[in-house]
Amino acid sequence: MRRVTPLLAATLLAGLAAGCGGIGTTATSSGSGSVPGTSGASPAAGADSRTDAPSTVTLAFGGDVHFEEYVADLLKDPQNALADLKPTLGAADFSMVNLETAITTGGTRENKSFTFRAPATALNTLQAAGVDAVSLANNHAVDFGRAGLVDTLAAKNASPIPVVGIGATTQEAYTPTYVEVRGVRVALLSALQLWEETATRWSAADGEGVATSQNPKALGLLREATRQAAANADLVVVMMHWGTEYMTCADEAQAATAKALEADGADIIVGGHAHRLQGGGWMGRSYVGYSLGNFVWWRSAEPEARSGVLTLTVDAAAARERGTASGAARRTASPLVTSAVWTPLLIGTDGVPRKPADPATTTRLQGVWDTAVACSGLRSTAARS
């Protein structure tokens with residue numbers, strides 16, 4: 001049975017000073033659109049319940065999602081439009097995607113080649129498919145200016161599922177959201193790492209907008225938030241929007257950032273933006289999926305249509321044990337992710353990714369993922385201590 005419960009979140013960025021600033025700890029309710037609030041509470045206070053505590057839990061991740069052009073027709077039937085995702089993405093105990101769009105029907109279009117927007121029903125549509133959280137730390141979340149951002153933040157506050165990586169303040173955008181997944185406290189973070197219009201004009205490192213990591217100041221904020229999340233959660237997930245478009249192999253900046261986040265305590269680091277599959281594997285104690293490709297998308301011809309679901313199995317008992325430890329003991333020597341399964345999908349002419357009808361296509365698409373893994377520099381198995 002799926003069990004994802006919002007917990008109280010630690011607000012990590014109170015009292016910022018110059019540069020990367022110092023991080024304090026206050027408390028705020030988590031889930032959809034939390035904002036800074038009362039000080040002094042534990043991230044797990046009040047809402048924690050660990051009666052359903054299996055030895056493992058599964059987390060599934062999909063790539064980039066929007067509802068532009070003909071894909072907008074999916075929003076006419078929010079409860080059923082993405083039903084084909086339930087056996088893959090929706091089958092895990094927790095699932096997450098990157099929602100690459102401003103959530104607005106108004107605003108002024110930014111001066112860029114592509115601009116994406118969708119009404120707030122996009123969140124309901126994803127929830128009905130089994131999606132439990134979305135990232136908005138990407139280069140299309142503020143495609144319709146400040147008015148669009150105001151609408152997006154309102155949609156975040158009213159969302160039926162948690163929305164991470166965007167905020168009216170630096171503090172809000174970088175604050176992790178904490179959810180309970182079958183007795184495991186999971187911290188969710190996300191950030192945009194691209195030198196482009198959104199990161200330049202709407203970086204939350206400088207105020208309102210999306211959490212970014214494209215310069216030392218912004219990366220410092222993300223790293224400090226990751227360290228604080230690792231101190232307060234059983235499992236830390238960071239969803240990145242990064243890399244070089246149309247490249248199968250991850251670039252040096254992706255690898256360097258993944259290494260830094262691994263050192264800071266991230267257990268799962270997944271990402272998108274390249275519109276290509278970039279493979280995954282273990283880096284130290286972290287599982288890294290560099291790019292999961294497009295997911296619900298407006299391009300149904302290969303290679304853009306190559307997609308899939310990454311399902312990770314986590315040692316829940318070890319995660320909970322870490323969660324009760326203190327100090328250095330909170331850093332597990334072995335990865336908490338024990339296995340990974342890539343399910344190849346192909347985006348159809350309606351924008352929905354599905355399992356191919358013929359085994360030969362599935363085998364071919366699995367080969368695309370395996371080729372990307374080969375150039376990732378990541379281990380194919382978890383190293384045990």
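The values are calculated or read from the model by the stated rules, or taken from the named source; none is laboratory data. This structure is a prediction, so every number in the text was calculated from the model and none was measured. Using ideal geometry, Cβ is built from the backbone for each residue, glycine included, and neighbour counts are taken over all protein chains shown. Each accessible area value is taken on the protein alone, full model and side chains, heavy atoms only, with ligands, DNA and RNA left out. Shrake-Rupley method; radii C 1.70, N 1.55, O 1.52, S 1.80 Å.
First obtain the Kirkwood hydrodynamic radius of region 267-351 from its Cα pairs, then insert it into the Stokes-Einstein equation at 10 °C and 1.306 mPa s, and state the resulting D in µm² per second as a whole number. Numbers along the way, then the final one.
Details: Rh = 14.4 Å.
After rounding, the answer is 110 µm²/s.
Considering only the other residues whose Cβ falls under 12 Å of the Cβ of Ala274, what net charge follows from Lys and Arg at +1 and Asp and Glu at -1? Walk me through the intermediate numbers first.
Numbers: positive: Arg276, Arg306; negative: Asp64, Glu245, Asp251, Glu304.
Net local charge, Ala274 excluded: -2.
Do any trypsin sites (Lys or Arg not before Pro) in region 215-317 lie in a DSSP loop with no more than 13 other beta carbon atoms within 10 Å, and if so, which? Mind dumping the intermediate values first?
Details: sites: Lys217, Arg223, Arg227, Lys259, Arg276, Arg285, Arg299, Arg306; in loops: Arg276, Arg285, Arg299.
Nothing satisfies the criteria.
Quote the relative contact order of region 99-151 in percent (integer), defining contacts as alpha-carbon pairs under 8 Å separated by 6+ residues. Let's see the in-between values first.
Numbers: 79 pairs, mean separation 30.4, N = 53.
For region 99-151, the relative contact order is 57 percent.
For region 92-140, what is the largest minus smallest coordinate of the Cα atoms on each principal axis, given in angstrom and ordered from greatest to least?
Projected onto the principal axes, the Cα atoms of region 92-140 cover 40, 18, 12 Å.
Extending each Cα 7 Å along its Cβ direction at Trp298 and Glu321, get the distance between those two points in nm, one decimal.
5.0
What residues have an amide H closer than 5 Å to that of Thr338, excluding those fewer than 5 places away on the same chain, when H is modeled at 1.01 Å from N in the peptide plane?
Long-range HN contacts for Thr338: Thr313, Val314, Asp315.
Calculate, for the chain, the solvent-accessible area per residue in square angstrom, rolling a 1.4 angstrom probe over the heavy atoms of the protein chains. Could the numbers behind the result be given before it?
On the way: 13450 Å² over 385 residues.
So the chain comes to 35 Å² accessible per residue, rounded to a whole number.
When N is the residue count of region 123-218, what does its C-alpha Rg come to as a fraction of 2.2 N^0.38 Å? Can you show the working numbers first?
Values: Rg = 13.3 Å, N = 96, 2.2 N^0.38 = 12.5 Å.
Ratio of Cα Rg to 2.2 N^0.38 Å: 1.07.
Output wanted: per-residue J couplings in Hz (rounded whole) for region 352-362, from phi through Karplus 6.51 cos²θ - 1.76 cosθ + 1.60, θ = phi - 60°, x for Gly and Pro.
Working through the residues one at a time gives 9, x, 9, 5, x, 6, 10, x, 5, 5, 4 Hz.
Please report the net charge: other residues with Cβ closer than 12 Å to the Cβ of Glu110, K and R +1, D and E -1. Walk me through the numbers before you get to the answer.
Details: positive: Arg109, Lys112, Arg117, Arg146, Arg201; negative: Asp143, Glu196, Glu197.
It works out to a net charge of +2.
Which residues' amide hydrogens lie under 5 Å from the amide hydrogen of Gly308, considering only partners 5 or more residues apart or on another chain, with H built in the peptide plane?
For Gly308, the qualifying residues are Gly63, Leu345.
Using r as the Cβ-Cβ distance of Ala83 and Ala357, and R0 as 22 Å, what FRET efficiency do you calculate, to the nearest 0.05?
On the way: r = 17 Å, r/R0 = 0.78.
Efficiency computed from Cβ-Cβ geometry: 0.80.
Give, as a single signed number, the net charge of other residues whose beta carbon lies under 13 Å from the beta carbon of Leu312, with Lys and Arg counted +1 and Asp and Glu -1.
Net of charged neighbours comes to -3.
Take the solvent-accessible surface of the protein heavy atoms, probe 1.4 Å, and return the percent of it on the chain that carbon and sulfur atoms account for. Show your work: numbers first, answer last.
Details: 7110 of 13450 Å².
Percent of accessible area from carbon and sulfur atoms in the chain: 53.
Looking at (i) 26; (ii) 37; (iii) 21, which value of percent of Cα pairs over 33 Å apart comes from a calculation on the structure shown?
Looking at percent of Cα pairs over 33 Å apart for this model, the match is (iii).
Of Lys86/Lys217; Lys76/Lys112; Lys86/Lys112; Lys86/Lys156, which pairs sit farther than 31 Å apart, going by alpha carbon to alpha carbon? Walk me through the numbers on the way to the answer.
Details: Lys86/Lys217 39 Å; Lys76/Lys112 28 Å; Lys86/Lys112 34 Å; Lys86/Lys156 23 Å.
With Cα atoms farther than 31 Å apart: Lys86/Lys217; Lys86/Lys112.
Would you compute, from DSSP H runs of 4+ residues alone, the mean residue ellipticity of the chain at 222 nm, taking -39500 (n - 2.57) per run and dividing by the full residue count, rounded to the nearest 500? Walk me through the intermediate numbers first.
Values: 8 runs with 87 residues, N = 385.
Estimated from H runs of four or more residues: -7000 deg cm²/dmol.
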